[in-house]
Amino acid sequence: MSESFEVSRRALLGGAVAFTAATLAPGVVLYARSSDEPATGAVRWGLLIDVNQCKGDCNACVEACNTEFGLVSHGRPDTDPQWVRKVTVTDPETGVSQSFPVMCQHCAHPPCADVCPTGASFRRADGIVLINRHICVGCRYCEMACPYKARNFVHENVTDQKPYAPRGKGTSEACTMCVHRIDEGRIPACVEACAASGRAAMLFGDLNDPNSDIAKRVAAVNSAQIRADLRTDPGVRYQGL
Amino acid sequence: MDNAENTRQVLSYVSVAYAVMFYAAAAVLLVGLALKITQYLREPPRLRPPGASGDDSRFGSTIRVATDVFLFRGTFFSDRVQWIFSAFFHIGLLLVILRHLRYALEPAWVGPLWNVVIVAQPLGLYGGLVMMAGTAGFWARRIFDPDIRRATTLSDHFMLGLFLLIPAVGYINNILHTDVIAVKEFFLGLIRVQWTNLPTDSMLLTHLWLVAVMMVALPFSQLLHLAGVFDKTQQMDNGRNTKARAAVAGVFGVLLLIPAAFAAGQVAEEGWTRPQPNFAKLARAHKNDDPTVMIRNHPNFLMNVRSITVYRGVRKDINKIEKCVDCHAVKGADGQPVGFDNPKHFCVGCHYRAAVSIDCFECHNSKPTGKDKAALDMTTKFAALAPRSNQRSSER
């Protein structure tokens, strides 16, 4: 892959944050907006995951996510929080296995938001699907509705939360696409970790910007959405699935 | 220092009028209750009501009175529908009163019993609805049951209306966010005879005025049946409405118009609803402002910025609760910032005293997490503000 750093139209806004570009993964374009500006619908954040680059024994994205959000195991796998799952699929005919991460797919038409009785589940203007846990009542309808099994319920008391990632018992939670990082002009923790592991199987960017790496690659290679038949239009796409 | 400033504050006309009104209303209620009790004690025992139990031993009559007072036994066997409505009304009222004790008591006065007030906060919120349901049932009976309608007077409608209107306005206050601390200061000020200013929100003034009207009207109504416990037959007095009683009630009624006029004047000046402050300005200025401004506005402020942050992704520093926590950190015994499980925590002092739960920290970290550990020297700066309650009670 021969990605180079690009500076988009929006990249110059961020000033200082833009300089962190040097440490970023290849193929990542920065879109920093000023902290005064709200997220806009001009952007649609998305991920492209190259399944051929993803290795079954690698857990870097999952671990990065757990570290970023302070997700700790209580030794009860059934109820431990996990926002990114490594899923392995095997073709029964050929015996070929593929492994790749599945997290919140950040649908354009999220079923979780449709069923939410309080309006806590919502899709932000820039395509990130989030939970406003101030009004989440923990009914777990969204967990049932999600075709991707992306939502978790917080079963245990949480202490010493990260300041950017408040979490509390009795609410639903899921991958936020590292919205706190995106708002600062940084890339999601899993993408960063994947690049650091040398695989660079994950590409993050603005699907709406035709000049972005992700948009170009989506236009160039064959990629798929999981359960596209449900027409939820996920923002997370898989290449080589 | 803080205290000295408060005692020197200029009292508004409305606050003085309401203070006088509540003293007078409390006096009317207590004197009325005392008169009613003496009236019952003086009257000779009447005939036993038909159907009352025959056990006249001390134990038997104690049980009879107790079940009558606490379980409304008499009503249960005579009128089941009324019994249901009175159970609704009285249980609701009890919870509502327990909830409102947060305005009338200091935690230090009642010790561990303060936890009852804390537990009663959510219960009282629902208790009000239960009470209104009971009241509505009573009123519906007075309107739709022809037998009862025949025995209904204007004063019955008046009292039932009050008991619906007071909680209704109370709920409006709850939605609009009362300045709980200021109202508490006002009523504790009445108790300590150190008057303070009452917040002049129109709905709060309305709520309190209606309560005073009820306190004055109670002794003249049939509803003061608490005194009926002293009736030797446990039979309720039917409240013979003499002309003299009506005249006295009328005089009190007119007097109540004076504080109402002051309140109306205040509302005419400030409008029915208070405009929301400019939150950005509020956040920037609050270090130099009078602390009561932020105490009054911080719930709305937090509600506002949390929506901006979550829905729109505007993560300015003033939108972040972590910045509040960083600056207002208080050092514990070990020199580390304390969490909200510690009474020294900045938020906890006031919130415990006001019996208002802090839901923020069920998800947000209540300790500073990062860069701004230097902010810990704020401990001394905010010492005057955080343990305000302790300061006051220790001075007395």
Q: Express in Å², to the nearest 10, the accessible area of B:S78 obtained by rolling a 1.4 Å probe over the protein heavy atoms while all chains stay in place.
A: 90 Å²
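What ranking of A:E63, B:E43 comes out by heavy-atom accessible area, probe 1.4 Å, highest first? Let's see the in-between values first.
Numbers: A:E63 110, B:E43 50 Å².
Output order, biggest surface exposure first: A:E63, B:E43.
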Q: Heads up, I need the accessible area for A:K169: 1.4 angstrom probe, whole protein in place, Å², nearest 10.
A: 110 Å²
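Give, as a single signed number, the net charge of other residues whose beta carbon lies under 10 Å from the beta carbon of B:A355, with Lys and Arg counted +1 and Asp and Glu -1. Each step should come with its number before you reach the end.
Numbers: positive: B:R99, B:R102, B:K184, B:R353; negative: none.
Charge balance near B:A355 sits at +4.
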**Q.** Spatial separation of Cα centroids for the range B:82-121 and the range B:126-189, in angstrom
**A.** 16 Å
Q: Could you please put B:Y103, B:Y23, A:Y148 in sequence from largest to smallest accessible area, using a 1.4 Å probe?
A: B:Y23, B:Y103, A:Y148
Q: Take peptides B:202-212, B:256-266 and line them up by average Cβ neighbours within 10 Å, highest first, as a rough protection proxy.
A: B:202-212, B:256-266
Q. Considering chain A as a Gaussian network with a 10 Å cut-off on Cα pairs, which listed residue, A:L47, A:L203, A:L230, attains the greatest mean-square fluctuation?
A. A:L230
Q. Pick from A:S97, A:S223, A:S121: which residue has the top mean-square fluctuation in a GNM of chain A where Cα pairs under 10 Å get a spring?
A. A:S97
Q. At a probe radius of 1.4 Å, what is the per-residue accessible area of B:C360, in Å² to the nearest 10?
A. 50 Å²
Q.
Averaged across A:154-162, how many Cβ atoms of other chains sit within 10 Å of each residue's Cβ atom?
A. 3
Q.
If you average the alpha carbon positions of the range B:270-336 and of the range A:128-188, how far apart do those two centres end up, in angstrom?
A. 24 Å
(Q) Among A:H134, A:H106, A:H180, which one shows the highest mean-square fluctuation when chain A is modelled as a Gaussian network with alpha-carbon springs under 10 Å? (A) A:H134
Q) Where does each of B:I175, B:I118, A:I214 land when they are ordered by accessible area, with a 1.4 Å probe and the largest first? A) B:I175, B:I118, A:I214
Q.
Over 20 Å between Cα atoms: which of A:K162/B:K287; B:K320/B:K344; A:K162/B:K344; A:K162/B:K323 fall into that group?
A. A:K162/B:K287; B:K320/B:K344; A:K162/B:K344
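May I ask for the accessible area buried between chains A and B, both sides summed, probe 1.4 Å, to the nearest 100 Å²? Mind dumping the intermediate values first?
Values: alone 11850 and 22900 Å², together 32980 Å².
The summed interface area works out to 1800 Å².
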Q.
Inside 10 Å of the C-beta atoms of B:305-312, what's the mean count of C-beta atoms belonging to other chains?
A. 5
Q: Taking only protein heavy atoms into account and a 1.4 Å probe, give the accessible area per residue of the protein assembly as shown in Å².
A: 52 Å²
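The values are calculated or read from the model by the stated rules, or taken from the named source; none is laboratory data. What you see is a predicted model; the values in this text were computed from it and never measured. Positions of Cβ are backbone-derived with ideal geometry, glycine not excepted, and every protein chain shown enters the neighbour counts. What goes into the accessible areas is simple: the full protein's heavy atoms, side chains included, and nothing from ligands, DNA or RNA. Shrake-Rupley method; radii C 1.70, N 1.55, O 1.52, S 1.80 Å.
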